[in-house]
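The structure is given below, and queries will be raised subsequently.
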């Protein structure tokens, strides 16, 4: 299949002209508005609540506390999130009291007048503190929550523990290795940075609950809400919406259980739109990490063993992520080398901080930063060029990745990829790096760094789509997928149009309600491209085989399809002013192993956006958590990359890979973000001789490193 | 209080609270192209044109618009169709939440700096954040719009 005629994106005109409606733009008759009073303390007992001043404010319809609600704790996997804090608060920003009023501003102003008396409790605001003996407990009995994976014996403040391999074996292998490095790498809390604040509308209508939520996963949301409100799932309808950015931050039930209950109690549709500060301090962020890496090589630079001891900050609640095992990703993400002896222990701790969740390639940016930094440090130790050392160790087609099964404690499916196009991709990156030079300011230091990442494309879970004829030889495709911005609807349109020989203009793709199609897991794990392409294959076959002019509906599950992998090799080119530490990332080169690309522009934007998100993680972004509080609490303090900040980006596609389905596709959404930070850290080390093992790599951090000893 | 102003070339008179922000007033009139993002004048989602200059309407007091000419994305794409053509052809968008603000900023850029270079475009557009695209497609949309003069 060729790239075909792309044509403009189906949603481009309505988005650019401002006519696309997002949840915040929707108004219903009789609608009322909710706001919440949030905790100002990381850990405190709620002693008394006085709402009398708030109740008297103009427009206020009611004030509600936890005891007024019939809502069970909810969450995506672990159900540990209360709609409003009950006896105590567990992070700064936690909702305690809800106010419903006839306008948003009235609700917000009244919420400020709620008086809450707290009794301070000792807090554990770092994962190190939280796992220390005698630490104050975030949850008295975390193992009791529905969906918990922790046992009472493991107990304490742990959300999850994953152990793979044998510590004794890895210790022995490292002890007999010619070269060994042993370092700790640390990453900060960063936010998804979607620009649409969280928004929800809940409305009871004809004895059914209708939800409009900025959420990427309608069917799981329906299950979570019905469990939380003790409803039969058939009583809940998730309405189609357009999402203003996700990146993993729009997957939890968020304020939907609260709004649903407020709607039941007030008898009115309830709308709640967060202010962006609320998104920063009180939704979820990427797990901060502390990762000890021990890595050994023999005299020829062949890896002998790799050991990880990972401690992740899980925040106050685990329910924001689809699996409590973010640690799993920490084990599976760095898997692009042939590693004879592997060990990992990954612990995720509850802390008295804003909850942590999954964000674009969960666990990947943390682990790849640690792994690819350590790999360069090991190459330096062994006196081998880092590119050459990668060439010797990277997985190649024909290699048996003995660790693949071991690194899959959840048994997600076969992990051995069909092919490893590592050398082609590495060669492409190196060729792109060598074909140009940069002008560097007088007296500045120049450096280059490289980092590699192997990413599987999976096709997990069932999905259903429906093809229906429209008058005038047109075709309607109904999908369960939310258009999060990636262009997934447009991709479905192009696949269907090509397969059935329609012009894209003759095909419309619409998301329908959860009533209309059966379960789909939603956007996540870069699954939509692969599952949708399999679904289109099946739907096209059914369409061709139908007898009359009826609609066809297909449900597929290709979870068992052999995973295909992609290699990403990135090169960072940097200049550093040795006098001030100022860092300029001159260029980021990404070599990307691809199969067929359905839409070149959409694919390229996923690449560029992923690289820029990696750059923000590497150099700019930090929620600045301290003492249990997010201090970078607005987008002036929290530095998202602007058009002016981004380095020159260059992409080299390495075509010819084997992908999923007839369309022969690989995922791209999560592939580019993980390696950026290590490539930059390695380039800074190349330029300055100083190794930065903690993100973000700011000019200030480089200045301090230059002033200190070489380490 | 009463606010009299011109909105997308149409004379309007509306009752507003003295502390109302222009963004909320415009949205309450059904023009929801401008969005609230950061709420502190950083992200650019709420960009509107007031007397030919771009403003962050989330922190612009509506009362200050008295007697002024305000344009929203809805009005601008009708006034200058080449704006829409550039963003659609170049696909300068993904999720679309920042796009109306980008389009409005592109409009004022063309009036202020019709010969802007790519670097100048990036400098000018730095007040309009985008988390999806990495900016290359937005920058090329703006450059194409500038060329269609």
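All of the numbers you see were taken from the coordinates with simple rules; none came from a lab. Just so it is clear, the model here is predicted, and its values are computed rather than measured. In this analysis, Cβ positions are derived from the backbone assuming ideal geometry, glycine residues included, and neighbour counts consider all displayed protein chains.
For a quick protection proxy, order the peptides A:584-595, A:246-257 by their average other-Cβ count within 10 Å, most packed first.
In descending order of packing, they fall as A:246-257, A:584-595.
Taking the convex hull of the alpha carbon atoms in the stretch A:48-141, what volume per residue do you get, in Å³?
Roughly 128 Å³ of hull volume per residue.
Report, in whole Å, the centroid distance computed from the Cα atoms of the stretch A:47-108 and the stretch B:51-91.
38
Right, something else. Express the C-alpha Rg of chain A as a ratio against the empirical globular expectation 2.2 N^0.38 Å, rounded to two decimals.
That ratio works out to 0.96.
Calculated FRET efficiency, residue A:626 and residue A:551, Cβ-Cβ r, R0 51 Å, to nearest 0.05?
0.35
Take every Cα pair under 8 Å in the stretch A:83-225 that's 6+ residues apart, average their separations, divide by the length, and report that relative contact order as a whole percent. Numbers along the way, then the final one.
On the way: 84 pairs, mean separation 12.2, N = 143.
Relative contact order, the stretch A:83-225: 9 percent.
Once you place label points 7 Å from the Cα toward the Cβ at residue A:154 and residue B:59, how far apart are they in nm?
4.5
Which whole-number percentage describes the relative contact order of chain B, with Cα contacts under 8 Å and a sequence gap of 6 or more?
Value for chain B: 24 percent.
Can you give me the orientation-averaged projected area of the convex hull built on the Cα atoms of the stretch B:80-147, in nm²? Present the calculation step by step, with values, prior to reporting the outcome.
Working: hull surface 15.4 nm².
Average projection, Cα convex hull of the stretch B:80-147: 3.8 nm².
When only C-alpha pairs under 8 Å and at least 6 residues apart count, what is the relative contact order of chain A, in percent? If you can, show how the numbers build up before the last one.
On the way: 1810 pairs, mean separation 109.7, N = 711.
In percent, rounded to a whole number, it is 15.
Order the peptides A:615-623, A:699-707, A:418-426 from the highest to the lowest mean number of other Cβ atoms within 10 Å of their residues.
Put in order of decreasing packing, that is A:615-623, A:418-426, A:699-707.
So, one more: Between the stretch B:92-149 and the stretch A:605-651, what is the separation of their alpha carbon centroids in Å?
19
In peptide B:84-94, what is the residue-averaged number of other protein chain Cβ atoms found within 10 Å of each Cβ? Intermediate values should be presented prior to the final figure.
Details: counts 4, 3, 1, 6, 9, 2, 3, 13, 5, 9, 15.
Mean number of neighbouring Cβ atoms from other chains: 6.
Something else now. If the chain between residue A:419 and residue A:171 were fully stretched, how many nm would it gain, using 0.36 nm times the residue separation less the Cα-Cα distance?
Separation in residues times 0.36 nm, less the Cα-Cα distance, equals 86.2 nm.
In the stretch A:191-304, how does Rg compare with the Kirkwood Rh, expressed as the Rg/Rh ratio over alpha carbon atoms?
1.24
Averaged over peptide A:597-609, how many Cβ atoms belonging to another chain are found within 10 Å of each residue's Cβ?
4
Please report the antiparallel percentage of the DSSP beta bridges confined to the protein assembly as shown, to the nearest 5.
If we restrict to bridges inside the protein assembly as shown, about 75 percent are antiparallel.
While we're looking at this one, here's another question. Counting only helical runs of four or more DSSP H residues, what would the 222 nm mean residue ellipticity of the protein assembly as shown come to if each run contributes -39,500 (n - 2.57) and the total is spread over all its residues?
Values: 24 runs with 238 residues, N = 860.
Counting only the DSSP helices, I get -8000 deg cm²/dmol.
Summarise the partner chain shielding of A:186-196 as one whole number: the mean count of Cβ atoms from other chains within 10 Å of each residue's Cβ. Don't skip to the end; give the middle numbers.
Working: counts 0, 0, 0, 0, 0, 1, 1, 5, 5, 16, 9.
Across the residues of A:186-196, the mean count of other-chain Cβ atoms within 10 Å is 3.
To continue, here is another question. Pull up the DSSP beta bridges for the stretch A:460-556 and report the antiparallel fraction as a percent, rounded to 5. Let's see the in-between values first.
Numbers: 10 of 15 bridges.
So the antiparallel bridges in the stretch A:460-556 amount to around 65 percent.
Of the listed peptides A:198-210, B:29-41, A:665-677, what is their order by residue-averaged count of other C-beta atoms within 10 Å, with the highest listed first?
Descending mean neighbour count gives A:665-677, B:29-41, A:198-210.
Specify the inter-centroid distance of the stretch A:335-356 and the stretch A:454-489, based on alpha-carbon positions, in whole Å.
Their Cα centres are 33 Å away from one another.
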